[in-house]
Amino acid sequence: QVRLVESGGGLVQPGGSLRLSCAASGTIFRFSAMGWYRQAPEKQRELVARIISGGSTIYAGSVKGRFTISRDNAKNTVYLQMNSLKSEDTALYYCNLDYRNKEYWGQGTQVTVSS
């Protein structure tokens, strides 16, 4: 069983930055694709960024150039650096691990962008 624990969310002003972290238990992290998703109130969960085991990344168009996903396989941790935050980035952010099409989810960490 894999456990994912997110941290780093909070309240930030527009234009500010936050870095989210997601620590994974177990031994499959380095072989897995890792993703950050978000869900705003009354909206569907959407992919924000994803990084595969080899390091290639993809981003949602709305965050490209502002957010950066990275991973540290030695620490079983994936990060999401979020810069130039906007009010529309406000959401519950979830970490996702995808190993051979089996997915695991964290509990989520709230990001609120407001003045």
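Can you name the residue in region 87-109 that is exposed (fewer than 13 other Cβ atoms within 10 Å of the Cβ) and touching a residue at least 60 places away in the same chain (Cβ under 8 Å) and, of all such residues, is farthest from L11 (Cα to Cα)?
Within region 87-109, the match that is farthest from L11 (Cα to Cα) is Q107.
Which residues, counting only those in region 65-75, are within 19 Å of S32 (Cα to Cα), under 14 Å from the mean Cα position of the chain (by Cα) and open to solvent by less than 70 Å² (accessible area, probe 1.4 Å)? Talk me through it step by step, then tell me what you get.
As a first pass, look at region 65-75 and keep what is within 19 Å of S32 (Cα to Cα): 68-75.
Those still in the list that are under 14 Å from the mean Cα position of the chain (by Cα) too: 68-72.
Of everything in region 65-75, those that are within 19 Å of S32 (Cα to Cα), under 14 Å from the mean Cα position of the chain (by Cα) and open to solvent by less than 70 Å² (accessible area, probe 1.4 Å) turn out to be I69, S70, R71, D72.
Would you mind telling me which numbered condition in (1) modelled with pLDDT under 95; (2) assigned to a strand (DSSP E or B) V78 fails?
The number of the failed condition is (1).
I'd like to verify a number: residues in region 20-39 that are among the basic types (K, R) and surrounded by 14 or more Cβ atoms within 10 Å (Cβ to Cβ), how many? Show your work before the answer.
Going residue by residue through region 20-39, those that are among the basic types (K, R) are 30, 38.
Filter once more, keeping what is surrounded by 14 or more Cβ atoms within 10 Å (Cβ to Cβ): 38.
Residues flagged as among the basic types (K, R) and surrounded by 14 or more Cβ atoms within 10 Å (Cβ to Cβ) within region 20-39 amount to 1.
Give me the pairs: first residue in region 8-32 and assigned to a loop (DSSP other than H, G, I, E, B), second residue basic (K, R), beta-carbon distance under 8 Å, and six or more apart or on different chains, which are they?
G8/R19; P14/K86; S25/R3; G26/R3
Restricting to region 40-64, give me the number of residues that are in a loop (DSSP other than H, G, I, E, B), in contact (Cβ under 8 Å) with a residue 24 or more places away in the chain and open to solvent by less than 60 Å² (accessible area, probe 1.4 Å).
2
The values are calculated or read from the model by the stated rules, or taken from the named source; none is laboratory data. The model shown is predicted, which means the values in this text are computed figures rather than measured ones. Every residue, glycine among them, receives a Cβ derived from its backbone with ideal geometry; neighbour counts consider all protein chains shown. SASA here: full protein model, heavy atoms, side chains in, ligands and nucleic acids out. Shrake-Rupley method; radii C 1.70, N 1.55, O 1.52, S 1.80 Å.
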